[in-house]
Amino acid sequence: MDQEKDYLKDITAIRSMMERSSRFISLSGLSGVFAGIVALIGAGVAYGYLGEKLSVRYSSDPNYYELVRYVSHRDIYILTLIGILVLVSALLGGYYFTARKAKRQGVKTWDKTAKKLVSSMFIPLFTGGLFCLALLYHGQIGLIAPATLVFYGLALLSGGQHTYKDIRYLGFFQVALGLISCFFVGYGLLFWSVGFGILHIIYGIVMYYKYDLKA
């Protein structure tokens with residue numbers, strides 16, 4: 001009986017070593033929660049900044065979210081700045097929580113699996129960034145939010161092979177949400193809040209209770 005338990009322990013240890021060598025398992029669920037909260041704050045700031053335009057649009061037309069014709073170049077710069085601040089804050093928070101989990105696990109934060117994860121996500125994210133710049137250049141700002149959701153989802157699907165498979169589910173939801181929002185141009189801020197905010201928080205909580213508490 002004791003020998004069987006020893007075998008099971010050995011098998012579990014070997015499986016854990018193989019998992020650590022092939023997948024980046026230091027990704028923290030708290031990173032997702034933090035990113036979601038930051039995204040919702042950013043969306044709230046953007047909504048507050050555009051509040052007057054939203055009110056004017058609503059008073060003249062029920063489809064008041066169709067802001068494309070009401071957004072100035074200055075508005076675009078402000079919204080872009082908000083987006084950059086949200087991205088930087090989310091990345092810094094994600095690194096902090098992931099590094100903390102890696103330290104608790106006794107592994108390096110930036111190892112071979114982390115590099116594979118980043119490299120597999122880079123092409124979809126870089127391509128999506130250039131595509132969004134092209135949309136901005138041609139004045140198609142109503143499609144920028146859907147594009148960010150779709151390309152981010154594709155990046156998660158690509159990176160999912162190098163970390164927890166659960167991240168692929170988040171990727172599927174992001175892509176689906178982005179495609180749906182393509183048919184509701186003008187509601188981008190709402191869809192963006194759901195995708196980068198609410199879905200991230202839900203995903204982060206699930207990941208935290210599923211993996212972080214075991215670390």
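Details
- Search result, residues across the stretch 157-172 that are assigned to a helix (DSSP H, G or I) and either polar (S, T, N, Q) or over 15 Å from the mean Cα position of the chain (by Cα) (or both): Ser158, Gln161, His162
- Extreme residue, modelled with the lowest pLDDT, among residues of the stretch 13-45 that are aliphatic (A, V, I, L, M) and outside any helix (DSSP H, G or I): Ile25
- A single member of Val175, Val150, Val206 is out of contact with any Lys or Arg (no Cβ under 6 Å at 6 or more places or on another chain), assigned to a helix (DSSP H, G or I) and under 16 Å from Phe34 (Cα atoms), and it is Val206.
- Filter result for Ile205 (in contact (Cβ under 8 Å) with a residue 60 or more places away in the chain, within 11 Å of the chain's Cα centre (by Cα) and under 22 Å from Leu87 (Cβ atoms)): no
- Within the stretch 178-202, the residues that satisfy the criterion of being surrounded by fewer than 23 Cβ atoms within 10 Å (Cβ to Cβ), among the hydrophobic types (A, V, I, L, M, F, W, C) and either part of a helix (DSSP H, G or I) or modelled with pLDDT of 95 or more (or both) are Leu179, Ile180, Leu189, Leu190, Phe191, Val194, Ile198, Leu199, Ile201, Ile202.
- Against the criterion of being among the aliphatic types (A, V, I, L, M), touching a Ser or Thr at 6+ places or on another chain (Cβ under 9 Å) and surrounded by fewer than 16 Cβ atoms within 10 Å (Cβ to Cβ), Leu136 qualifies.
- Some residue of the stretch 110-119 being within 23 Å of Lys214 (Cβ to Cβ) and outside any helix (DSSP H, G or I): yes
The values are calculated or read from the model by the stated rules, or taken from the named source; none is laboratory data. Just so it is clear, the model here is predicted, and its values are computed rather than measured. Cβ coordinates were reconstructed from backbone atoms using ideal geometry, including for glycine residues, and neighbour counts include every protein chain displayed.
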